[in-house]
1. Taking the range B:385-404 only, how many residues are touching a Lys or Arg at 6+ places or on another chain (Cβ under 9 Å), open to solvent by less than 70 Å² (accessible area, probe 1.4 Å) and in a strand (DSSP E or B)?
2. For the range B:84-94, state whether one or more residues are under 23 Å from A:ARG116 (Cβ atoms), among the acidic types (Asp, Glu) and either buried (at least 19 other Cβ atoms within 10 Å of the Cβ) or at pLDDT below 95 (or both).
3. Can you tell me how many residues in the range A:136-153 are more than 8 Å from chain B (Cβ to nearest Cβ) and open to solvent by less than 20 Å² (accessible area, probe 1.4 Å)?
4. Across the range A:50-95, what is the number of residues that are facing chain B (nearest Cβ under 10 Å) and in a strand (DSSP E or B)?
5. Looking at the range B:371-416, which of its residues are of a type in the set (Gly, Ala, Ser) and within 14 Å of chain A (Cβ to nearest Cβ)?
6. The conditions are (1) in contact with a Lys or Arg (Cβ under 9 Å, 6 or more places away or on another chain); (2) open to solvent by 20 Å² or more (accessible area, probe 1.4 Å); (3) in contact (Cβ under 8 Å) with a residue 40 or more places away in the chain, and B:GLU141 fails exactly one of them. Which is it?
7. Taking A:VAL98 and the conditions (1) facing another protein chain (nearest Cβ under 9 Å); (2) in a helix (DSSP H, G or I); (3) surrounded by fewer than 23 Cβ atoms within 10 Å (Cβ to Cβ), which numbered condition does it fall short on, given that it satisfies the others?
8. Quick one: how many residues across the range B:203-240 are open to solvent by 50 Å² or more (accessible area, probe 1.4 Å) and either of a type in the set (Phe, Trp, Tyr) or away from chain A (no Cβ under 14 Å) (or both)?
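The values are calculated or read from the model by the stated rules, or taken from the named source; none is laboratory data. Quick caveat, the model's predicted, so the values are computed rather than measured. With ideal geometry, Cβ positions are generated from the backbone for all residues, glycine too; neighbour counts draw on all protein chains shown. The protein model used for the area step is the full one, side chains on, heavy atoms only, and it has no ligands, DNA or RNA in it. Shrake-Rupley method; radii C 1.70, N 1.55, O 1.52, S 1.80 Å.
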Amino acid sequence: MNKWWSLIFCFVIQYGFSQAEMPQFVLKDLEGKQVDLQKISEEKTVILSLWATWCVPCINELEAITLHYEDWQNEFDLQLYAISIDDPRTVNRVRPMVRGKGWKYKVLLDTNNDLRRALGAATVPLTLVVRNNKILYKHSGYSPGSEDILYEKLLEFSR
Amino acid sequence: MLLYLPFLAFSQENLNFYGSLESNSQWLQDDEELEFTAPPENFRSNNYFTFNFEYQGFTAGLQYEAYLPTPLLGYDPRLEGNEIASYYAGYKNEILDVTAGYFYEQFGSGLILRFWEDRQLGINNAMKGIRLGFRGIEHLELTALFGEQRVGFETSEGTIGGLDVNLDLSSWAGAEAYDLGLGASVVNRFQNAGEFENVPASVTAFSGRVNFNFANFFSELEAVYKQPDVLVYNRSITNQRETFGGSAWLLNFGYAIPGFGINATLRRLENFSFYSDRLAEGNQYNRQLINYVPALTKQHDYLLNNIYVYSSQPRLLLLTSQRQAGEIGAQIDLFFSLPKKSFLGGKYGTKFEFNYSNWAGLDSKFDIPDNTYTSEFFSRGETYFREVGFSVRKRWNKEWSGIYSITDIKIDEGVTIGSPLGFYFINAGIGVIENTYRLGRGRSVRLELQHLWTKNDRGNWAGGLLEYNFSPTIGIYAADSWNYGGDPAFHYYNFGGSYSHGSARIAFNYGRQRGGLICIGGVCRYVPENTGLSVNLQLSF
């Protein structure tokens, strides 16, 4: 058993602190079209935000980013994908909520939480910055000001 | 260590590793005021470690789970010990997708089949078997699966086979203006009838779906029929092994444009629970669920909003003590916003949210001595739950933003405590004010003030939560739900904090857990009242 643990430990050390890659995933958008997560970051920087309609901090984060979104898009040539982990109970609220709030993000659905599991998101929000399939930044949770750190990271990665 | 070297060499290629670690522990304490005596195993923890790798089209992975020395209070006691609880290997290309081992799956909206995991609820009903996905025909998706369902660290006695087909008609027709799709599923459960006569070994459910979107309108209809099966109450077959078929109808439609969105969901369930073991029907740990029939109500985030929560009532019960045939009802959500920099919206805009849900039993006549009943298709029986809610979200200035919400609820007491329905109702009103003040450089204060008014049950509650964030990565909070209308009045206090770094997060909480149903995603788990310290750790790589 000890051998296993040391093996696991080595992996955690190596991959926990190196640039991890996005796993292979295809999710559907609100129009039912398939979006390959390994392709979306090929030409631009993408922010992936795992959120849910019932998660107040997630909505706070997306609302906070909305205020800066156009500026960020101009500055960094980026796209935000708001990936809803709402399950069949609440997934029908996603479309009216996104439109009703006037968000301009692309929306993807992870209804059975396969991506959430792969990314190890025990809690949401989980925010990632990805470019060329490399996960450059990950942040779990939201409190006011998280979006400023996200902006600083985007600046850092654009250099 | 030597074992590790080949992997290092490999990792430079297209090999990709990912996984996560989650650990939730609690130390339970005696609390005389709460009349809670800590069990002999007063330290408990649930731990999960997942590890996956991908190499070109190949994937494999495992999940190790350890419940040491026993699972957290309220979790399925069958989850004792530690094991490599699930593992899988698969291959995927543009045409085929094959998985062997444990996997998760959902057909349509899950009404006929959903295998999923929710660690907070202690649900993991993954299937152990084989799944085949076929995408060789354009516009058509086909999935077939066969296997047994995970129960604790074992698998179900019943075997499940399923087939799901989805056809994208609009893309087949080359239509751009609208979106039209069809879907169909068949799910079969086979379980030996054993010594029983007149008990069907094989029960099959059939589902048909259609979705249609045009311009800013969207709609979806699903109908499911389940073959007759016996009724079960507390692991015993009731009603002299008489069998009853089941059905489900789900209609969802809405309209959404920038700044405005509305959605309505209507659902009717009649004798519609489906388990991989017939005797598991209605079990409190949500074991062996094949299909997913969540409560279609708004899922709330605030403490006092989560006291009176609806859970869906799909079952047929023909007992002298309990008579119900299913549920019928609707949920409506409306979102709209006043744009920023407009006269009414102000500098930052204002966002509104309205929700209404109303669920009732089927309008039925029961004949208990003869084991029969009749039900109307489209009329309502007794009300089980009704909720009206309205909330406003407003950012006042650069520093200060708020959320203000009111909710009015009527609920059958039997729903909240899991007892027979139709005796007492609880009427309650809830108001919440949440204010966040930014102090600059990532520091912020958040204050939630809540109140619940009711003349029923335990009377009025006042709630408060104060949170201070030193930075976006570190924060502390204190919260109290004060049942001052109760006899005696009672505080459920909690305080804690969290620290996050990248994807890693550690959180601790000390306090009293209000007992009752903990509901996530419309499925509930009963948690007894308790006091103690809990620590949660998560990490992904």
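1. Of the residues in the range B:385-404, 13 are touching a Lys or Arg at 6+ places or on another chain (Cβ under 9 Å), open to solvent by less than 70 Å² (accessible area, probe 1.4 Å) and in a strand (DSSP E or B).
2. no
3. Summing the residues that are more than 8 Å from chain B (Cβ to nearest Cβ) and open to solvent by less than 20 Å² (accessible area, probe 1.4 Å) in the range A:136-153 gives 2.
4. Residues meeting the conditions: 0.
5. B:GLY389, B:SER391, B:SER401, B:GLY402, B:SER405
6. In the conditions (1) in contact with a Lys or Arg (Cβ under 9 Å, 6 or more places away or on another chain); (2) open to solvent by 20 Å² or more (accessible area, probe 1.4 Å); (3) in contact (Cβ under 8 Å) with a residue 40 or more places away in the chain, B:GLU141 misses (3) alone.
7. For A:VAL98, the exception is condition (3).
8. Total satisfying the criteria: 12.
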